[in-house]
Amino acid sequence: MGRVAVVTGGSRGIGRAISVALKDAGYTVAATYAGNDEAANTFKDETGIPVYKFDVGDFDATQAAIGQIKSDVGAIEVLVNNAGITRDVPLHKMSKEQWDAVINTNLSSLFNLSRNVIDDMRAAGWGRIINISSVNGQKGQFGQTNYSASKAGDIGFTKALALETASKGITVNAITPGYIGTEMVLAVPKEVLDSKILPLVPVGRLGEPEEIARCVVFLASDDAGFITGSTISANGGLYMA
């Protein structure tokens, strides 16, 4: 059995590609999800990867779920914080609930998950934490003060935790995807994609979820042991930081 990896939001979109790529690379993978039972069960049946349903924004629920995963498959050696949501609206129309939902799922979840795996990683002298941020956490985006703040926070979290854990054999890195061909992005009308989005991307196309997954597989490997506190921009040249 390979090293144990947990992928939050791991049954759909980018998370699904990450889960499958890690499994194909020899990891024992557990995927988490929040609410879409049908999609999660289909994913489980198709991939053989176990799924765990809980709210990553809830510390107690996360603690219980991590305990169950450890009981089922072993101590977690690779954590991919991928779960994320959007509640897009300009700030002057944004509700407190819309702000809190995005911050809790996209940023507080990094604390909730990492805090519940870090002790085992420190004891083992080895670990990988990979945080999926966003290009909009680097450049900002209209109607996304909540989302951009959460994703920028992911990058700050990554850098600080990397400093804390480097001497313990644990690396912490972030990936900032641009526009990726997921269900959410492909739901945008084609004329909007063609006229408003793709012209902003120098490579002239959407990214593929598998391209983000390959970045994760590399960062999770022993080959990436000298890389920590870094941000990999996988956005087709949309924003160059």
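Observations
- Simple Cβ-charge dipole of the stretch 4-232, Lys/Arg +1 and Asp/Glu -1, about Cα centre, in debye nearest 20: 540 debye
- Extending 7 Å from the Cα toward the beta-carbon at both Asp58 and Lys159 defines two label points whose distance is 3.4 nm.
- For the chain, the longest principal axis of the C-alpha atoms and the axis of helix 13-24 are separated by about 30°.
- Under 5 Å, built H, 5+ apart or other chain: amide partners of Ala234: Thr176, Gly178
- The stretch 160-209 and the stretch 84-153: distance between their alpha carbon centers, rounded to Å: 14 Å
- Förster radius 30 Å - calculated FRET efficiency between Glu38 and Asp194, Cβ distance, rounded to 0.05: 0.45
- Multiplying the residue separation of Leu186 and Arg214 by 0.36 nm and subtracting their alpha-carbon distance yields 8.0 nm.
- For Glu183, net neighbour charge (Lys/Arg +1, Asp/Glu -1) across residues whose Cβ lies under 11 Å away: +2
- 31 Å tail of the calculated P(r), the chain, as % of Cα pairs: 18 percent
- Entry note, the chain: relative contact order of 20 percent, from Cα contacts under 8 Å with a spacing of 6+ residues.
- Ignoring lysines fewer than eight residues from Lys159 along the same chain, the ones with Cα atoms less than 19 angstrom from its Cα are Lys139, Lys151, Lys168.
- The stretch 175-228 - Debye-derived log10 I(q)/I(0), Cα point model, q = 0.21 Å⁻¹: -0.79
- Burial ordering of Phe226, Phe54, Phe142, fewest other beta-carbon atoms within 10 Å first: Phe226, Phe142, Phe54
Bear in mind these aren't lab numbers, they're just calculated from the coordinates by the rules spelled out. Owing to the predicted nature of the structure, the values given are computational and were not obtained by experimental measurement. Backbone-built Cβ (ideal geometry, glycine too); neighbour counts: all protein chains shown.
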